[in-house]
1. I'd like the carbon and sulfur percentage of the solvent accessible area for region A:206-267, probe radius 1.4 Å, heavy atoms only, ligands and nucleic acids excluded.
2. Please report how many Lys pairs in the protein assembly as shown have alpha carbons closer than 24 angstrom, counting only residues at least 8 apart along the chain or sitting on separate chains.
3. How many Cβ atoms of partner chains, on average, are near each residue of B:91-99 if near means within 10 Å of its Cβ?
4. Counting heavy atoms of the protein chains only and a 1.4 Å probe, report the per residue accessible area for the protein assembly as shown as a whole number of Å².
5. Which percent, nearest 5, of DSSP beta bridges in chain A are antiparallel?
6. Let me cross-check residue A:371: its accessible surface, 1.4 Å probe, with only protein heavy atoms counted, in Å² to the nearest 10?
7. To the nearest 100 Å², how much accessible surface do chains B and A cover up together, summed over both, with a 1.4 Å probe?
8. Kindly identify region B:1-52 as rounded, prolate or oblate by the Cα gyration tensor criterion: order the square roots of the eigenvalues as a ≥ b ≥ c, call it rounded if a/c is under 1.5, otherwise compare a/b with b/c, prolate if a/b is larger, else oblate.
Amino acid sequence: MSADAAKTEVPAQFPDAAGHFGTFGGRFVPEALVAALDELANAHQAAMADEVFRDEFAGLLRDYAGTPSLLYEARRFSAQVGARVLLKREDLNHTGAHKVRNVLGQALLTRRMGKRRVIAETGAGQHGVATATAAALFDLECVVYMGQVDTERQALNVARMRMLGATVVPVTTGSRTLKDAMNEAMRDWVANVDETHYLIGTAAGPHPFPALVRDFVRGIGDEARAQCLDLTGGLPDAVTACVGGGSNALGIFHAFTDDPQVRLYGFEAGGEGMDTGRHAASITGGSTGVLHGTRTFVLQDADGQTQESHSISAGLDYPGVGPEHAWLHDTGRATYQPVTDAEAMAAFELLCRTEGIIPAIESAHALAGTLAIAPKLTAELGRPPTIVVNLSGRGDKDVHTAGEYFGILDKE
Amino acid sequence: MSERTSRIGAAFDKARADGRALLVGCMPAGYPTVEGSIAAMKAMISAGVDVIEVEIPYSDPMMDGPVIQRASEIALAGGVRTRDTVRIIEAVAATGAPVVTMTYWNPVERYGVDAFARDLAAAGGTGLVTPDLIPEEAGEWLAASDAHGLDRTFLVAPSSTDERLAMTAAHCRGFVYATAIMGVTGARAQTSQAAPTLVSRLREVTDLPVGVGLGVGTGAQAATVAGYADAVIVGSALIRCLLDAPDEAAGLAALRALSAELAEGVRHPDR
C-alpha cells in the first residue's frame, strides 16, 4: 500500500465545514433537523476550543472511565501471531468498551446545550447501556430504541438499562434490528428536538456526528501512540481495529493518520463469507449510497433499498459505515478487509487461551485480521512487525453467544 | 426560483383564481400492489383530489410515521421496483392530473440522478418532493431538474431560520412544502398551531405557492389549512382507508369518501 502517496492527499482539516470527507458524509436529513444539527455543530466546536470543557472531559475519562487504558504486550498471543502484538485495553474501561468515551463527551455537550433528555439507538445494547450510564451520572432523562429482535436476544442488557433508569422502547418496524432502531430514534428526535439530544452511538449519521464522535474517542489513539513510543521506542508498523459503524477504529486510527509508515487496517464483519451475501462488510461488499443522514458505503440492492446485514457480532451488524472510513478507504490511507464469523471466533478462542482475556466478539475481528496480515507484513518488512490492536471491548456480554458457538453450555 | 416554467404552476394559478387551495393526495407506489396503487390514485382523482403525490417506497423512511411505514413495507415486500414507480406515474399522469413524486434520496441516487430525471419527465411527472435532501446537498438534482424541466420541492420546517427559509425557497420550483409540525407523517386530532406562522414567514421570502403537510386528515382540517396555504397535502389518513379496510372494494370506497370530504374542505377555506 502506498502510504506515502496517501499522506499528501490528507488535508489538515477534515471534514469540511459542511461535514464532507471527500465525496462522503454531509447531511441527508429532514430540514426540521438542520437547526438542531447546526446548534450541535456550534456547541461541538465551542466545546473543543474551551479549556474548561476539555478539562472536565479529561477528568471524567480519568476518574470515572478509568483511562488511559493500558497498552499491554500480549507475549503468548504474539508468539502465535508471529508479530509483536500490543493490545489497547479499552475492554478495561468502565462499562467494558471504548464507547464510554463517546457517551461521556456527548453527555457533557448535552448539558452544555441546556437539554435535559437524551435518546439513543442500540443493537446488542452496549451503546444503550453506556448511554444509560452517562444519563444516570448527569441526571438526564434517557430513552433507548432497540429492535424487538434485539430486546429478545439481549434481555440482560435491557435489564441493565432499566436498572440505570432508562426507558427501553422495542422497535417493531422493518427488520426490527439496529437500523430500524436508528430510524425510530431519528423520528423521536424530529418531534422532540428542542429538549432532546440524539446521543448517536457511532461515527456515522449526519454532520456533525461523525466528526464529534471521532473527537470524543480519539484519545484511544493519542494514548496508544504515546504508550507505544514509551514501550518500544518507536511507532508500530500497523494499527488494527474492527469496523462496524467504525468509532473504535477511527478512535485509534486518528493519531496515526499523519504517520505514513504506520499502516491502518480496518476489519469488517464478513459474516458467513462474502460469497454468501450474508455479511456486514459495507466497504468491501457494499456500494456508495445514502443511509441515516450520510453518504457512505451501504449494503443495498439495485434500487437503493437497504439490505439486511449479518454478523455473529451484534456490534458490527450494521449495513453502513461511518463516512470518514469510506474516505480513508477511497484515499487508500486505510485498508479494509472482511473477517468471517469463523475466523473471528477462532481468534476469540486463541486470545482466551493464550492471554486469559475474553474479548468482545467485535474486537475478535481485529484479532483475526491481525493474524491474517502478520505474515504479509513480516515478508514486506523482513522482520516480525509490531502491531497495535484495538481491543475495543470485553466479552462478558458475548458469553452466551460464544458458549453456544463452541458448544460448551451444559444442557438444561 | 428559476426562470423555467413550473410543470405544476398552472394548477396553482387556476386554484388561486377559483379562491381555493389544491388538494394533494399521497399514496406509496406499489401499495397494495402496482395495479392496486394505480386504481387507488385514479379513485382519489375521480373523487376530487387535484394532485397525486406518488411516494417511492423506501426501506428506511425516517420522516414517516407508522401508516406510511407499513404501506411502504407491504409495497416493498410485494417486490415493487423504482421502474414500476415510473410506470405508475405514467399511468396516473395520463388522466391529466398533475403527478408529483416524493422520494427519499437514496433510490434516486442509485437509479442515477440524471437518468431518473429523464425517465420521470418522459413519464409525465411534474417533479420531486425530497424529504431528506436539503439544497446544500442537491447539486446533482438541481442540474438534472433544470436539464429535464422538472419542478423541485424542498421542505421547510417550523425550526427553519429565516435565512434557511429564503435559501430553500430560492431553490424550489413549483411549490414549497411546509411541514406543519415538528414530527413525522401521520394524521393528528388537532391542526398545527405552528403552520400558519411558518407559512406567513415563507410569504415574506417567496412568491411561490406553499403546500402544507403533516397531520391533516379531515375535511374540517383541510378547510382550516386551505385558509392560509395554497395546497393541502394529505397522506396517512388516505392510506389508512386502504390499510384498515377488510377488502379492496371497501378500501377504495373509504378512499373515495375521504377524498371527497377533503376536496370539499379545500373548496371552503376558513379565512
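The values are calculated or read from the model by the stated rules, or taken from the named source; none is laboratory data. Bear in mind that the values here come from a model prediction, so they are computed numbers and not experimental data. Note that we place each Cβ from the backbone using ideal geometry, even for glycine, and neighbour counts take in every protein chain shown. All accessible areas refer to the heavy atoms of the entire protein, side chains included, with ligands and DNA or RNA removed. Shrake-Rupley method; radii C 1.70, N 1.55, O 1.52, S 1.80 Å.
1. 43 percent
2. Value for the protein assembly as shown: 10.
3. Mean partner-chain Cβ count within 10 Å for B:91-99: 0.
4. Heavy-atom SASA per residue in the protein assembly as shown reads 35 Å².
5. Here the antiparallel bridges make up roughly 30 percent for chain A.
6. 50 Å²
7. For chain B against chain A, roughly 2900 Å² becomes buried.
8. It comes out oblate by the Cα gyration axes.
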